[in-house]
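Remarks on the structure that follows.
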Amino acid sequence: MERTWNNKAWFMVLPVLLLVAFSAIIPLMTVVNYSVQDTFGNNDFFWAGSEWFDEILHSDRFWEAMGRNLVFSAIILIIEIPLGIFIALNMPKKGWGVPVCLVLMALPLLIPWNVVGTIWQVFGRVDIGLLGYSLRALGFNYNYVNDPFDAWVTVIVMDVWHWTSLVVLLCYAGLVSIPDAYYQAAKIDGASRWAIFRYIQLPKMNRVLLIAVLLRFMDSFMIYTEPFVVTGGGPGNTTTFLSIDLVKLAIGEFNLGEAAAMSIVYFLIIMLLSWVFYTVMTAYDAEQ
């Protein structure tokens, strides 16, 4: 039988294509335009070529912010992925506790990013914040405003509190899809809890774990609102990630050409690292 093609279907997706063009492609082209030009004001531009890219790639400021981003993302993945798996494994699979746990897990995800930053900014204050005041009362010299280590701990704990639920919900979805026959067979064979996790639960979570790792990496690598609200990138530049540095460069210093080049490099790095994560994890999944 000869297959028929209905080209009228393109009209159904045309509004979506136009919306994407308006909201993504046109701003991207504007950024590309700024990245290869320079201006002295009055809307007069002249060709700069790769000058801004050379300046960014040879800038210590850029590579220091990049290092902070990579360290932060690595810490987030190391904490949130195992913690999310652990919580998902211990959540009830049947009964009234299921909706209760799901709602509790979803609550942090419903809070806007700027509100999360504001909550933890107040929560960590040593004068009125419950966390800061309690730590000071226990004898800890905690102050996220002046101490770089305390600032990092606060930002990391804040992100773990906000986004571990995403990993939990994804892992839980993978776990509940496992048929009971698998567990019954494992019980008959006398399999240990570790063997069940290693050979039944973990393989069934591989797909959702891939999604969780990619989402958490991209989100943590692009983080801006929460640390900006809590620490403003300080003390000094200790929590100034690439996103915060990019905003400072574009809005604070009004260096549009350099900021545009930095945003393109930033975007390409995220795409490259995400592709590496995806390739490595899918290759591992194919070997299983």
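Structure data summary
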read-out: Any hit, the range 218-225, residues being farther than 22 Å from A151 by Cβ and part of a helix (DSSP H, G or I); value: yes
read-out: Selected residue (only one of W52, W47, W113, W96 is among the aromatic types (F, W, Y) and touching a His at 6+ places or on another chain (Cβ under 9 Å)); value: W113
read-out: The range 182-231: number of residues that are open to solvent by 50 Å² or more (accessible area, probe 1.4 Å) and in contact with a Leu (Cβ under 8 Å, 6 or more places away or on another chain); value: 3
read-out: Exclusive hit being within 18 Å of I87 (Cβ to Cβ) and hydrophobic (A, V, I, L, M, F, W, C), set I211, I200, I251; value: I211
read-out: Selection status of M281, part of a helix (DSSP H, G or I) and either in contact with a Leu (Cβ under 7 Å, 6 or more places away or on another chain) or under 14 Å from F72 (Cα atoms) (or both); value: yes
read-out: For L273: the one exception among (1) touching a residue at least 40 places away in the same chain (Cβ under 8 Å); (2) closer than 19 Å to W113 by Cβ; (3) not basic (K, R); value: (2)
read-out: T240, sole failed condition from (1) modelled with pLDDT of 85 or more; (2) on the phi > 0 side of the Ramachandran plot; value: (2)
read-out: V103 vs. criteria among the aliphatic types (A, V, I, L, M) and under 20 Å from V229 (Cα atoms); value: no
read-out: A88 vs. criteria at pLDDT below 90, out of contact with any His (no Cβ under 8 Å at 6 or more places or on another chain), outside any loop (DSSP other than H, G, I, E, B) and of a type in the set (A, V, I, L, M); value: no
read-out: Candidate set: the range 18-66, residues that are surrounded by fewer than 10 Cβ atoms within 10 Å (Cβ to Cβ) and charged (D, E, K, R); chosen: the one farthest from the chain's Cα centre (by Cα); value: D44
read-out: In the range 131-148, residue most open to solvent (accessible area, probe 1.4 Å) [restricted to those that are over 15 Å from V230 (Cβ atoms) and touching a Phe, Trp or Tyr at 6+ places or on another chain (Cβ under 7 Å)]; value: R136
read-out: Selection from the range 226-261 of residues that are assigned to a loop (DSSP other than H, G, I, E, B) and of a type outside the set (S, T, N, Q); value: G232, G233, G234, P235, G236, F241, E253, F254
read-out: Filtered residue count, the range 110-130, keeping only those that are open to solvent by 50 Å² or more (accessible area, probe 1.4 Å) and in a helix (DSSP H, G or I); value: 10
read-out: Residue satisfying all of: in the range 183-196; part of a helix (DSSP H, G or I) and closer than 21 Å to I87 by Cα; farthest from the chain's Cα centre (by Cα) among these; value: Y183
read-out: Tally of residues being modelled with pLDDT under 85 and of a type in the set (G, A, S) across the range 258-288; value: 3
read-out: Filter result (farther than 27 Å from T279 by Cα and open to solvent by less than 40 Å² (accessible area, probe 1.4 Å)) within the range 162-181; value: H162
read-out: Which listed residue, of V213, V167, V176, V160, is of a type outside the set (G, A, S) and within 30 Å of L57 (Cα to Cα); value: V213
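The values are calculated or read from the model by the stated rules, or taken from the named source; none is laboratory data. Please read all numbers here as calculations on a predicted model, not as lab measurements. We place every Cβ from the backbone using ideal geometry, glycine too, and count neighbours over all the protein chains shown. Just so you know, the surface numbers come from the protein's heavy atoms only, side chains and all, with ligands and any DNA or RNA stripped out. Shrake-Rupley method; radii C 1.70, N 1.55, O 1.52, S 1.80 Å.
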